[in-house]
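Below is one structure, written out as structure tokens; comments come after it.
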Amino acid sequence: MKRENKFNKVSLSVIFIVWILVQSCICGFAQAADYAIGADLSFLKQAEDGGTVFKDNGEEKPGLQIFKEHGYNWIRLRLFHTPTRLPNNLEYTIALAQEAKKLGFKFLLNYHYSDTWADPGKQYIPKAWADKSHDELVQAVFEYTRDTIVAFKEGGVLPDMVQPGNEISNGMLWPDGKLTDNWDNFAELMKAGINGVDAGRGNGKRPLIMVHIDKGGSRNRTKAFFDKWHSYGIDYDIIGQSYYPWWHGTLLELRENMIFMANEYKKDIIIIEAAYNWRPAEYKNKKAPFPETPEGQRQFLEEVNRVVLNTPDNRGKGVFWWEPAVMGGLRRRGMFDDEGNALPVITVFDKFTRR
């Protein structure tokens, strides 16, 4: 009898250990599936509508299909208020999001709150809002965000994640929300955008909210922004960082900042913009961390991904490239050569996503 009880205890212990291991495996798979392999493909539809043909190993394919076959699971699309020369208006963005959703991509919507590019050096107020007071701007941001989210929802492409503002380390909607002088105004504008997302989604699943700055390699400047941000008590889900090494520091500085953010703010982090040139551009007169060649471009993305994967507490949640299908002079940062052939960089995630 005693031996039988002992046997039963051992058996139960073994079963319990096996159960723990199974649960660990399940959690591991869940975490792996949660990792965002993404690209800002906001120019893709314009390129293909204009006759650009993309190829992978010499075979012509739709651009979205190429990325899907190489493990990409997220698409990031920017939205301008009333663009005059760029394609990224509401109708265009909904159409591209619908194409991506058909292939199973998750969708990150990037509000610029401008008629053109918004970044650390410029945050132009949309022409339609030019004469508004601060309170009127806050209301305009709320209503515009709400109404566009409704349009995406009605189009069957409610975003999975939303960025209210792009690279907002120096604020947005200048001069009203320009930092560092106008933090109160800026905070109210950001709250209006976030509230607009909630109002527009109705009973749809709440998109994750990302706060995106451009300080990937700077712990000190990241700390200055987010310490002040958190003093306003504005809720959000993801820290987004841009990381271009010629502007934002070394890979070691990126690593230091990822560790700092994970430990200090307990938020998930995505490198939401990263890129490297496949032909000489940024490092003609100084030493480069990687050759500006197709192979050097691939090595860069591999190393950035390695840093993100090694973020403490599994807080590193993905990497997005900006922008694979860009045309013109910036094509040197894309993932296709001048003939539309996919470059080696597009294969970086194959080993992580193929069985």
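The values are calculated or read from the model by the stated rules, or taken from the named source; none is laboratory data. Everything numeric in this text was worked out from a predicted model, so none of it was measured. When we count neighbours, we look across all protein chains shown, and the Cβ atoms used for this are built from the backbone with ideal geometry, even at glycine.
When region 320-336 is examined, which residues are found to be farther than 25 Å from R255 by Cβ and either part of a loop (DSSP other than H, G, I, E, B) or at pLDDT below 95 (or both)?
The first filter runs over region 320-336 and keeps only residues farther than 25 Å from R255 by Cβ, leaving 325-332, 334, 336.
Residues satisfying the conditions are A325, V326, M327, G328, G329, G334.
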Q | Output for region 275-319, where each listed residue is assigned to a helix (DSSP H, G or I), polar (S, T, N, Q) and surrounded by fewer than 21 Cβ atoms within 10 Å (Cβ to Cβ) | A | Q299, N305, N314
Q.
Among the residues of region 337-344, are any over 17 Å from L254 (Cβ atoms), surrounded by fewer than 15 Cβ atoms within 10 Å (Cβ to Cβ) and of a type in the set (A, V, I, L, M, F, W, C)?
A. no
(Q) I want to confirm something. Restricting to region 180-213 and keeping residues that are in contact (Cβ under 8 Å) with a residue 24 or more places away in the chain and among the basic types (K, R), which single residue is nearest to Y244 (Cα to Cα)? (A) K191
Q: For N263, work out the one condition from (1) in contact with a Leu (Cβ under 6 Å, 6 or more places away or on another chain); (2) over 30 Å from D338 (Cα atoms) it doesn't fulfil.
A: (1)
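Picking from A224, A187, A192, which residue would you name as being under 14 Å from Y113 (Cβ atoms) and small (G, A, S)?
On the way: A224 fails: under 14 Å from Y113 (Cβ atoms); A187 fails: under 14 Å from Y113 (Cβ atoms).
Within the list A224, A187, A192, the selection yields A192.
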Q. Among the residues of region 225-235 satisfying the criterion of being surrounded by fewer than 18 Cβ atoms within 10 Å (Cβ to Cβ) and touching a helix residue (DSSP H, G or I) at 6+ places or on another chain (Cβ under 8 Å), which is farthest from N195 (Cα to Cα)?
A. K228
Q.
Please return the ranges of strands (runs of 3 or more DSSP E) entirely within region 41-117 where 3 or more residues are more than 30 Å from L189 (Cβ to Cβ).
A. 54-56, 59-61
Q: Quick one: R331 ticks every box in (1) buried (at least 16 other Cβ atoms within 10 Å of the Cβ); (2) closer than 28 Å to D49 by Cα; (3) in contact with a strand residue (DSSP E or B) (Cβ under 9 Å, 6 or more places away or on another chain) except a single one, so which number is it?
A: (3)
Q.
Could you check region 149-167 and list, in sequence order, the residues that are buried (at least 21 other Cβ atoms within 10 Å of the Cβ) and under 29 Å from N203 (Cβ atoms)?
A. I149, F152, V157, L158, P159, M161, V162, Q163, P164, G165, N166
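Looking at region 76-107, which of its residues are among the charged types (D, E, K, R) and closer than 22 Å to K61 by Cα? It would help to see each step written out before you state the result.
To start, the set of residues in region 76-107 that are among the charged types (D, E, K, R) comprises 76, 78, 85, 91, 99, 101-102, 106.
Across region 76-107, the qualifying residues are R76, E99, K101, K102, K106.
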(Q) For region 208-223, which positions are touching a helix residue (DSSP H, G or I) at 6+ places or on another chain (Cβ under 6 Å) and closer than 15 Å to L109 by Cα? (A) I209
Q: Kindly provide the set of residues from region 81-98 that are under 10 Å from V157 (Cα atoms) and out of contact with any strand residue (DSSP E or B) (no Cβ under 7 Å at 6 or more places or on another chain), ordered by number.
A: I94, A95, Q98
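With the condition kept exactly as written, say whether any residue in region 282-295 is under 24 Å from D119 (Cα atoms) and in contact with a strand residue (DSSP E or B) (Cβ under 6 Å, 6 or more places away or on another chain). Break it down into steps so the answer makes sense when it comes.
Going residue by residue through region 282-295, those that are under 24 Å from D119 (Cα atoms) are 282-283.
Now narrow it down to the ones that are in contact with a strand residue (DSSP E or B) (Cβ under 6 Å, 6 or more places away or on another chain): none.
No: zero hits.
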